[in-house]
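Peer 1: Supplied in structure tokens, the structure appears directly below.
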Amino acid sequence: MDFKAIYDIARQELIINIRNKWTIIFAVVFGALVVSISYFGIMAEGFSGMQSFTRTSASLLNLVLYIVPLVALTMGTLSFTGDKGSTELLFSQPLLRSEVLLGKLLGVFFSIALSTLIGFTLAGTIVVAANGAEGFSRYVSFVVLSLALSLVFLSIAVLASTFSRRKSKAFGIALFLWFFFVLFYDLLALGGTMLLKGPSANTFLFLSLFGNPVDMVRVATLIILDNVTIFGAAGAAMLRFLGGQTASLLLLVAGLLAWATVPLFVSNRMMKRQDI
């Protein structure tokens, strides 16, 4: 595999996405929301002023779980179902299709990461100025999990685009996947537990957690923030099964890694069989 070729493709894709107005809009909107939520996040509970890093992370969690998957699916679909002429020209070069796939994926990922980090950095700078650096390591871990979530859904977007090969169909699949993972999956999992009893229900909840990367990031973030009291049923079941937070975090990270790599592997196999 030619890593120089992957780097060149990723660099070109990054430049294209940075110049894209939607990337700029996302960076501005996300930055404004992150700063606003970090300030007003829990004022309803009697706090005022800028929050600490731990409270900021807890307040930003739902924003990340809703917006990051949507942006990753959208930008990934745009990139992999873009202009047909430029795509054919790229694939006509003496490059492996896996090199093209990885290069484009990394370029889109770094553009999303750059936009996301702008917002997190602004909020972090204000929190340090107001309350000091207490809880900074937990905040950094939360940011890393947010980036991991974007990479997972980028991989899913690549698979959806490779499978559909048409922009309209790919966007339809991407929208369905966002709705399914972010909004519908938890209802489906809870409905499944109603059909089971006792240990079987707990086992089902434990296994269902790994079927949704959004839930995995949510539970991992709550473990890092030490918010055991607000765990959902799946998170509580997981901690009981594994007997500790460290083992749970390691398993969640492994699960996210699988979610990021398996769709890419399947996409690469499908792409090799396609006549582009």
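Peer 1: Ordered by packing density, taken as the mean number of other Cβ atoms within 10 Å over each peptide's residues, highest first, how do 108-116, 139-147 rank?
Peer 2: By packing density, highest mean first, the sequence is 108-116, 139-147.
Peer 1: From the C-alpha gyration tensor of segment 161-201, pull out the three semi-axes of the equivalent ellipsoid (sqrt of 5λ each), sorted largest to smallest, in whole Å.
Peer 2: Working: eigenvalues 209, 18, 6 Å².
Ellipsoid semi-axes (Å, largest first): 32, 10, 6.
Peer 1: Near Lys4, which lysines are there with a Cα under 23 Å away, not counting those fewer than 8 places off in the same chain?
Peer 2: Candidates past the 8-residue exclusion: Lys104, Lys272.
Only the coordinates and a few stated rules stand behind these numbers; no lab work does. The structure presented is a predicted model; accordingly, all values stated were derived computationally and were not measured. Ideal geometry is used to build each Cβ from the backbone, glycine not excepted, and the neighbour counts take in all protein chains shown.
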